[in-house]
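The values are calculated or read from the model by the stated rules, or taken from the named source; none is laboratory data. Keep in mind it's a predicted model, so treat the numbers as computed, not measured. Cβ sites come from the backbone with ideal geometry, for glycine too, and all protein chains shown count toward neighbours. When the accessible area is computed, the model is the full protein with side chains, heavy atoms only, and any ligands, DNA or RNA have been set aside. Shrake-Rupley method; radii C 1.70, N 1.55, O 1.52, S 1.80 Å.
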Amino acid sequence: VQLQASGGGLVQAGGSLRLSCAASGRTFSSFAMGWFRQTPGKEREFVAAERWSGGSTDYADSVQGRFTISRDNTKNTLYLQMNSLKHEDTAVYYCAASLSPYGSTRGTGYNYWGQGTLVTVSS
């Protein structure tokens with residue numbers, strides 16, 4: 001499975017961005033999918049996950065109510081809608097796919113990773 005993340009950029013605090021993750025290589029709908037983020041000097045952090053298509057979602061407490069994970073199986077694409085962005089949301093965001101349909105909030109639960117897209121939120 002190949003994953004290509006995009007949509008990052010510079011945005012002011014309070015603004016919105018939508019990240020996309022295009023998947024290819026295997027049946028997209030059978031994967032659980034997740035978003036993680038990382039800043040320099042810190043460990044990779046869980047952001048959001050969606051179990052196999054039609055399944056439930058999980059969010060980190062820090063983004064609950066502001067971020068929404070979703071997918072479009074017809075386009076083999078995962079999304080992360082980010083609203084009310086804060087300076088502390090600044091990070092490189094990675095999408096990931098899990099062979100387990102239940103996914104995980106831990107990075108070790110994922111088998112494939114995209115290359116990352118940088119989100120910078122100015123305060």
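For the chain, a crude dipole built from +1 on the beta carbon of Lys and Arg and -1 on the beta carbon of Asp and Glu, taken about the Cα centre, is about 200 debye to the nearest 20.
For the chain, give the percent of accessible area contributed by carbon and sulfur heavy atoms, probe 1.4 Å, rounded to a whole number. Roughly 47 percent of what the probe reaches on the chain is carbon or sulfur.
Residues with beta-carbon under 13 Å from that of ASP61, excluding ASP61: net charge, scoring Lys, Arg +1 and Asp, Glu -1?
Taking every other residue near ASP61 into account, the sum is -2.
Toward the positive end of the charge dipole of the chain, with +1 on the Cβ of Lys and Arg and -1 on the Cβ of Asp and Glu, the farthest Cα among CYS95, SER24, ASN111 is that of SER24. TRP113 sits with roughly 80 Å² accessible to a 1.4 Å probe, with DNA, RNA and ligands left out of the calculation.
Averaged per residue, the range 45-119 has 49 square angstrom of accessible surface, using a 1.4 angstrom probe with ligands and nucleic acids left out.
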